[in-house]
Structures are given as C-alpha cells and as structure tokens.
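Below: one structure, written as structure tokens.
The values are calculated or read from the model by the stated rules, or taken from the named source; none is laboratory data. This is a predicted model, so every value here is computed, not measured. Positions of Cβ are backbone-derived with ideal geometry, glycine not excepted, and every protein chain shown enters the neighbour counts. Ligands, DNA and RNA are excluded from the accessible area calculation, which covers all protein heavy atoms including side chains. Shrake-Rupley method; radii C 1.70, N 1.55, O 1.52, S 1.80 Å.
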Amino acid sequence: MQPNTQQDVTTEKRSGLFTMFLNMIEKVGNKLPDPVTLFIIFAVLVIIASHFAAMAGVSVINPATDETVEAISLLTRDGIQMIMTQMVTNFAQFPPLGLVLVTMIGVGVAERVGLISALLKKVVLGSPKVLITVSIVFAGILANMAGDAGFIVLPPIAALVFMSVGRHPIAGMVAAYAAVAGGFSANLIVNMLDALLAGFTQEAGQIIDSEFIANPAMNYYFLAGSAFIIVPLAVWITDKIVEPRLGTYTGPQMKLEKLTALENKGLKWAGVTTLAYLAVIALMIVPESGVLRADDGGIVISPFMSSLVPIIMGLFLFPALTYGFITKTVRSDKDVADTMAKSMGTMGMYIILAFFAAQFISYFNWSNLGIILAISGADLLKSLNFTGLPLLIGFIIISAGLNLFIGSSSAKWAILGPVFVPMFMLLGYDPAFTQLAYRIGDSITNPITPMFAYFAILLALARRYDKNLGLGSLIAVMLPYSIFFGIAWIVFFIIWYFIGLPLGPGSNIFL
C-alpha cells in the first residue's frame, strides 16, 4: 500500500504546483485594468516607445525586400495627424469587426427565434454526454476550414451546449476557442491559409533553388495527424483542468425539455431550407464555371473563400427565419428587423473593445515595432549557432513568442520565411519542414495572445455568464491549452523527425 500512497502524494503535489502557477497568473491578470483601459494603455505605450525607438535610430533589414525598416515615431507632426485622421478608418476597417457583426446577424437571429435551442434539444437529448466535449473540440478543428468565422460561431454555441447539460458554459466556450485558435494548424482539409503560406514558402525557397515549387498540401500528413493529438488533449484539459478550476456554475440555467410538435415541424422545414440554401451555394462552386470560383477554376483561393462570412450568415439566417415563421416566434418583417436589432444589441461591449483594440494594433503596425521585433527575434535565433533538431525547436519557440506580438500568420511568415527557409535548405531541410515548424509555433500561443483580436471577443462573450470575469481569470483557463498543446506538438514533431515520415504529398523532412 505504501507505493500507491506515495504515487498519490506525488500526483497531488504536481497538481498543486500547477494550480498555484495558474492562481498566480489569475491574480496578477485580474489586477490589470479593464480590457478597454488596457488597450488604451497599450496604445499610449506604443506611441511613446515608437518615439524613443526612432530617436535611438532602431532599424533592421527586411530579408524579404532587403529594405531598411526603421522605427517610426508617432509623436511627430505626421504621426499625430495620422492618429487623429485615421481613428475612424482604423475602427471601420478593423478586420474582425465586420466579420463578427455580419456573422452575428445570422447567429443572433437563430438564437432569438429558438432555432439553436431546438437544435440543442434534438442533438443533446439524443447524444451521450461523454461525447459533448469531444464533439465541440473536433468541430473547432474542422472550423479552421471556414477561416476566422469559427472564432465567432462556435464559442457561443459551445457555451449553450455545456449549459444545457448542467456544465459550466465558459468551459465549453474556452474549449471551442482553444480548438479553433490553438489547433489552427491541425487541419483535416486543405484551406486558404495553406495556400497563402505555401506561396511565401515558394518565394523563399527559390532564393536557393530557382526551380523549387511549393504546394498547399505540403504539410497535410503531419497536420492531419496532429488533429488526433490535439482533440483528445483538449478534451482532457477541459475536463480535468479548466472546468474544475471554474467551479460550479450558478447563473441562469437552460433546461432542455422534449421538443413540441410545432418545434419539430419548425426544425423539419428549417432543415429543408438549409438543404435548399446549400444547393444554391453548390451551384455557384461545383461547376468549373461557377460564379464563386476563381478565374482559373480554383477553389482554395477564390471568391468562395472570401465569401465564407456572408455564406455562414445565410446558413444561420434563412433556416432561422423559416423556423421563426413556422413556430410563430416571428410573424412579420418588423419582427425580423427587431430580432436582428436585439442580437446586435448584445455586441455593445465587443464594439467598444474593438474600437480601442483597432487603434492599438494600427499604432503598432505604423511604428514598425512589430516587424522590428520579428526580424530581431529571427536574428537572435541565428546568432545562437544551434544546429539540427535544437535549431528547429528553437525556431518553434521563437515563432510562438513572436505570435504574442504579431497576430497575422501570413504576415509573420512573410518576414520569417525568407530568413529561415533558405537557412534550413542550406542545412539540408526541405522548405516544407521549415514551414511546418513555423506553423506549430504560430498555433500554440494563439489562445493567449492579446494581438489576436478574437481574444477580446471571447472575453466579451464570457462576461455574459460571469459579468465579473477578469482578464487574468480568462488567461488562467486558456493558458493550459497553450502549455500542453506546445509540449505535445513539439514531442510529436520530434517523433516524426526521427521516424522520417513524409510531411505531405511530395514533401519530406530532408531535401
């Protein structure tokens, strides 16, 4: 009996130490100002830092263009004019703003007319509860094919699913967000990001080999395999770390009762509407001459991929309207407009957050501080004189660190690719392997980076269920995903390296 007792004590001690670490993160984080105030402080600090960096003559050479990138002061006459004159434009052109609001027109209406509630009854009451977390995480991985829309659609639905079975809604929300954000490169379907990154990789690879050609599926085998690592890991983190940490949910509950005959009828016709809608979309993308295909007939980079947000809005909106008219929750066009207005009314906090986040991110870009940090980080890694696997792991860690400052995956790779792809090619590594290392680093810190605008959305949505939820509390429940995703992915990367499996069709570890 003594060995078992010792084992239990050790496990408890490890759990306690990790809990203490998360408690510290939560305590420090919750002492920070409100996120709106925090973005204002960040914006002011960037303005000040840009001035001192410019005075010090801070500059780097952009490896992609061989041009000198200098820090630009925002405290000059031109800088102050730009801050004042571009404030509205920064907000209006903030990429997540339109995506969120347009998507929420459909999702919000579907929620208010009762369609989502009815779907939850249909699915949850007929499914084993043990599969709920698995289903949400797996849906988050698949949501990457829809680009950034997954960040908007899935977390609020996941919260409702968890609440409907008596679990903490914020646990469902963060599980969905972690799956979409942290598992951003665990793809089962080749998508637009694969094509974008492959384009940068090809240009970088041709610095050494003018005949090198990259293909969007060059990392597919590894990334698809990663999904089967990330899904069970995310489920374990949610069930064993995150949800126990959140405690018992004592807010409003959602009780699921059996569907009425009218609700069943509404779901039936909503399903018919969905099939008809998808048929119309298919007519625009399946034929080679489809109106949403690219001029060359492509789909991965095409008007279809750029239209995913309005398509997703329609996927919720039209079935919701059908359901509403059938069940009498919507009786006229005035009811439709009123329902849309009320769904937008719930986004007030996010809109305020988006305004100040847009200013901060714009100032950071104008000052060139983000590019300077990225290139300086790359130079630091090169100067360490690592070789082989330690160098590749170092590159993953550097990419993960830079992701805390530059949210755009393609923007970072445009900077890092021309540095590391040729460098690793000279060491005998295929550009596909370098791109893979970057994608791992780019994914694992997504759940916690403040430069990822959707983090502000997550906080705004979470406060629907806990109005006192602080930034530190949210980071503390998201951090385990980044930590364990990072460890598991690096271990998987090392195993793949030593086995020497191909990375994708026609792509290997070594040249």
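For region 491-511, filtered to residues that are farther than 22 Å from Pro447 by Cβ and assigned to a helix (DSSP H, G or I), the residue that is most open to solvent (accessible area, probe 1.4 Å) is Phe498. The condition of being under 30 Å from Gln202 (Cβ atoms), open to solvent by less than 50 Å² (accessible area, probe 1.4 Å) and in a helix (DSSP H, G or I) holds for Ala488.
Just one residue in the set Ser289, Ser226 is among the hydroxyl-bearing types (Ser, Thr, Tyr) and more than 25 Å from Ser135 (Cβ to Cβ); that residue is Ser289. Which is out of contact with any Leu (no Cβ under 9 Å at 6 or more places or on another chain) and in a helix (DSSP H, G or I), of Ile312, Ile241? Just a single option satisfies the conditions, and that option is Ile312.
Scan region 370-379 and tell me whether some residue there is modelled with pLDDT of 75 or more, buried (at least 22 other Cβ atoms within 10 Å of the Cβ) and among the hydroxyl-bearing types (Ser, Thr, Tyr). Looking for residues that are modelled with pLDDT of 75 or more, buried (at least 22 other Cβ atoms within 10 Å of the Cβ) and among the hydroxyl-bearing types (Ser, Thr, Tyr), one finds none in region 370-379, hence no.
Checked against the criterion of being within 16 Å of Tyr429 (Cβ to Cβ), assigned to a helix (DSSP H, G or I) and not polar (S, T, N, Q), the candidates Phe228, Phe200, Phe212, Phe222 yield just one match: Phe222. Of all residues being farther than 18 Å from Arg167 by Cβ and modelled with pLDDT of 90 or more in region 232-261, which is most open to solvent (accessible area, probe 1.4 Å)? Just the residue, please. This residue is Pro232. Among the residues making up region 158-189, those that are over 15 Å from the mean Cα position of the chain (by Cα), outside any helix (DSSP H, G or I) and not aliphatic (A, V, I, L, M) are Gly166, Arg167, His168.
Scoring Ala186 on the criteria (1) open to solvent by 40 Å² or more (accessible area, probe 1.4 Å); (2) under 18 Å from Asn446 (Cα atoms); (3) of a type in the set (Gly, Ala, Ser) leaves a single failure, condition (1). When the test is whether a residue is under 30 Å from Ile157 (Cβ atoms), within 23 Å of the chain's Cα centre (by Cα), open to solvent by less than 60 Å² (accessible area, probe 1.4 Å) and touching a residue at least 24 places away in the same chain (Cβ under 8 Å), Ile393 does not pass it. For region 263-299, the candidate set comprises residues that are assigned to a helix (DSSP H, G or I) and of a type in the set (S, T, N, Q); within that set, the residue that is most open to solvent (accessible area, probe 1.4 Å) is Asn264.
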